[in-house]
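Each remark here refers to the structure printed beneath this line.
The values are calculated or read from the model by the stated rules, or taken from the named source; none is laboratory data. From a predicted model like this one, the values you see are computed outputs, not experimental measurements. Don't worry about glycine lacking a Cβ; one is built from the backbone with ideal geometry, like all the others, and counts go over all protein chains shown. Surface areas here come from the heavy atoms of the whole protein model, side chains and all, with no ligands, DNA or RNA. Shrake-Rupley method; radii C 1.70, N 1.55, O 1.52, S 1.80 Å.
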Amino acid sequence: FCANDPEHLLHAALLVAPYCDAVDINLGCPQHIARRGHYGSFLMEDWPLISSMISTLHKYLPIPVTAKIRVFPEAEKTVAYAKMVVEAGAQVLVVHGRLREMKGHLTGVADWEKIRLVQEAVGHLVPVIANGNILYHEDVERCLEKTGCAGVMSAEGNLYNPAIFTPNHPESWRLAEEYLTICDELDTKIAYTRGHLFKIFQPCLSIHTDLRTELGLTNSREAMWEVTRKLKERLIKDEEDSKQRGESFEGRVNDKGFPILPHWVAQPYFRQPMPPQDQKKSEGGGEAALTSTKRTAEASGHREDEEHGPIVKIKPSKNKKVKVAPSICNDAKCQNSFSPKCIYQMCKGCCRLHQRARDQFDCPSHPINSVRKDKQRLPRVDSQEAIGLVALEGMFVNPQDEEVVTHHDHGVQQEQEQPEQKQERCLIL
């Protein structure tokens, strides 16, 4: 689970507890949605909240609670963080050896040394699992030897090579056929299946681009089976042609030391680094010189001066809008931001309730067109109170006299009975 509220997390965990062996709290998600929702790795600075969530589950769940974390830039803080998570009640600890900022094109290399330090600090208390840099099957043994952890986890590497925990390098079409068979049995959604096939076939689709387009247009598993069949035939032929030419990939590595594998086998995907962004440098006179690395002068069609090199066209800079932090609604119980044009400085819901309570419908930002001013309106009541009135309406019974005179005044029930009769009233549930 991802969460930021101990009580809500416990309610959710209790729903799945009868059907699983453990509940894991993901404290390592670095995505933007985690930033907006305030969960995952964006709780790393709120140790009391993390401790409360883990300890609540550890105390009230009938099954174990585990946690996955990311590391801090400082090794000492990472170790202290891991100790806090274990002391709170986590019975398995997964350590992703990357910082919160290391994602997408900035993923970089995981720090196995910090994982080793965590293993030395809490490994005698709970099993520690290492995560990061698992690209090939050989990396599993290297990671265990380097970190001393009890296990290894793979996330993205497993998507491109689902057989990463088995030796050798299986052909991608074999994995695709096995995957499609499972999808047929479990009726997997087409979009999920297509996305996973793109990852499994990633090395060969850059060569057989026509089938890449065909796979992108598939809308049924039958069509995906057909694309897989076509790719299988081509990849088998590519492998046979390679053997006839006497090509060998044994021991071949690239400039970074990674194995060079043929395109017909499953292999990891390496994110290409983003090109350097345009940088502005102010020099004498206050004039800004813009150097562009996205396109060369030759590619952009500009002429080249023999003495000074390529002449790059400088685009005028545009003033960026400054983001203003949202202001909180004037209602003390509301945490939403109010509309800038609201005369009461409230959010939409609170503003309309405020207008109804004052019987003045004068906010241009949140007009109430569905309510006529000449008609009587319902009084403002608490939402829970209103739900209770609807649910309990007609459920009051007087044991001495079952006839209870009621009437409705603007939708609110009132009972005409004596005080002593009200004390003897029973609520049937």
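Points to keep in mind about this one:
- For Asn168, the criteria (1) touching a residue at least 60 places away in the same chain (Cβ under 8 Å); (2) in a loop (DSSP other than H, G, I, E, B) hold in every case but one, which is (1).
Here's the yes/no breakdown for (1) surrounded by fewer than 10 Cβ atoms within 10 Å (Cβ to Cβ); (2) in contact with a strand residue (DSSP E or B) (Cβ under 7 Å, 6 or more places away or on another chain); (3) among the small types (Gly, Ala, Ser); (4) at pLDDT below 80:
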{"site": "Pro316", "(1), (2), (3), (4)": "yes, no, no, yes"}
{"site": "Lys320", "(1), (2), (3), (4)": "yes, no, no, yes"}
{"site": "Ile328", "(1), (2), (3), (4)": "no, yes, no, yes"}
{"site": "Asn336", "(1), (2), (3), (4)": "no, no, no, yes"}
{"site": "Ser339", "(1), (2), (3), (4)": "no, no, yes, yes"}
{"site": "Met346", "(1), (2), (3), (4)": "no, no, no, no"}
{"site": "Gly349", "(1), (2), (3), (4)": "no, no, yes, no"}
{"site": "His354", "(1), (2), (3), (4)": "no, no, no, no"}
{"site": "Asp359", "(1), (2), (3), (4)": "yes, no, no, no"}
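- The number of residues in segment 80-107 that are surrounded by fewer than 15 Cβ atoms within 10 Å (Cβ to Cβ) and within 16 Å of Phe270 (Cα to Cα) comes to 3.
- Residues located in segment 153-167, provided they are touching a strand residue (DSSP E or B) at 6+ places or on another chain (Cβ under 9 Å) and either open to solvent by 20 Å² or more (accessible area, probe 1.4 Å) or of a type in the set (D, E, K, R) (or both): Met153, Ser154, Ala155, Phe165
- You will find that of Lys256, Lys280, Lys243, Lys232, the residue that is modelled with pLDDT of 95 or more and among the charged types (D, E, K, R) is Lys232 and no other.
- Matching residues, segment 108-152, being assigned to a loop (DSSP other than H, G, I, E, B) and open to solvent by less than 20 Å² (accessible area, probe 1.4 Å): Ala110, Val126, Gly132, Ile134, Tyr136, Cys149
- With respect to the conditions (1) open to solvent by 70 Å² or more (accessible area, probe 1.4 Å); (2) at pLDDT 95 or above; (3) in contact with a Pro (Cβ under 9 Å, 6 or more places away or on another chain); (4) under 24 Å from Phe258 (Cα atoms), Glu178 falls short on a single one, namely (4).
- Failed condition for Phe72, given (1) at pLDDT below 95; (2) within 30 Å of Lys256 (Cα to Cα): (1)
- One residue from Tyr19, Tyr81, Tyr39 being among the aromatic types (Phe, Trp, Tyr), free of Cβ contacts under 8 Å to residues at least 40 places away in the same chain, at negative phi and touching a Phe, Trp or Tyr at 6+ places or on another chain (Cβ under 8 Å): Tyr81
- Scanning segment 14-28 for residues that are among the hydrophobic types (A, V, I, L, M, F, W, C) and open to solvent by less than 100 Å² (accessible area, probe 1.4 Å) yields Leu14, Val16, Ala17, Cys20, Ala22, Val23, Ile25, Leu27.
- Arg271 being basic (Lys, Arg) and in contact (Cβ under 8 Å) with a residue 60 or more places away in the chain: yes
- Long-range neighbours under 6 Å by Cβ, at least six apart or interchain, first residue open to solvent by 40 Å² or more (accessible area, probe 1.4 Å) within segment 203-227, second in a loop (DSSP other than H, G, I, E, B) and at pLDDT below 95: Ile207/His263
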